[in-house]
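The values are calculated or read from the model by the stated rules, or taken from the named source; none is laboratory data. All values derive from a computational prediction rather than experimental measurement. Cβ atoms come from the backbone with ideal geometry, glycine included; neighbour counts cover every protein chain shown.
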């Protein structure tokens, strides 16, 4: 009986939060369209996003590429040996938190598929910026580990930095078939070293083979991660896929950072809306999503 009541309360609360978020999105959509009607942009990417938004509800990304992904079509299974939900992607199991229900997993995995579509502004790789065969990957802020799982066969080793205990449990299940090449580091990555935090410089200082590819997506703490990896930026050529949308001015800040450190860098094409900031969203509304940077030091 208690479980049934808990489930009912959960569903009611989830529906209430979803309705509230939908109302916020409608208001923000109207504000954006009204703003650019009055103040047209000279930026082609913003104009493309506005034109798409004029015909569609507010979404994180803008473009027909995302319309082929349908959450309801995703099959979600439960592993009877550990009780964890999972999906099958490219013939491999991707596990999720045991606390996440079927609908949550569908929505999350669908969002991951959209993010890593080759046309998405959030895609970590492209035809000219990839993880090479036998390369070492540092997945900083890996969460469920989808990106690492996509590249597990070609990598020599992967370092998964994730502090959420429920995600760690899921990661251990996902990467069991490749446990010899996986290292899970259960700490926040930052510019400090203590019982809960670690810098990339400190972690990799005593490791002979350094990563060649860094994926950094840490919910707004990207600046701290960069401050804590100064040695890694200089030790050999590296590639960095860095998220730039968690704060309004991150793209400009990180562009200057890579210029100061003599990195070749470029943004992904396209713009996005960071829906976590709907309450305080102001012009120009849209944000650049990703910088891809390459270090050419010997």
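Among 117, 128, which is the only one that is more than 19 Å from residue 225 (Cβ to Cβ) and without any contact (Cβ under 8 Å) to a residue 12 or more places away in the chain? Steps first, answer last, please.
Details: 117 fails: without any contact (Cβ under 8 Å) to a residue 12 or more places away in the chain.
Residue meeting the stated conditions: 128.
Considering the range 283-298, the residues that are surrounded by 19 or more Cβ atoms within 10 Å (Cβ to Cβ) and farther than 14 Å from residue 250 by Cα include one that is modelled with the lowest pLDDT, namely 295.
Here residue 47 clears all of (1) loosely packed, with under 12 Cβ neighbours inside 10 Å; (2) at pLDDT 95 or above except the condition numbered (1). Could you say whether any residue in the range 246-265 is in a loop (DSSP other than H, G, I, E, B), at negative phi, buried (at least 16 other Cβ atoms within 10 Å of the Cβ) and touching a residue at least 40 places away in the same chain (Cβ under 8 Å)? The answer is no, given that none of the residues of the range 246-265 is in a loop (DSSP other than H, G, I, E, B), at negative phi, buried (at least 16 other Cβ atoms within 10 Å of the Cβ) and touching a residue at least 40 places away in the same chain (Cβ under 8 Å).
Scanning the range 221-237 for residues that are modelled with pLDDT of 95 or more and in a loop (DSSP other than H, G, I, E, B) returns 221, 228, 229.
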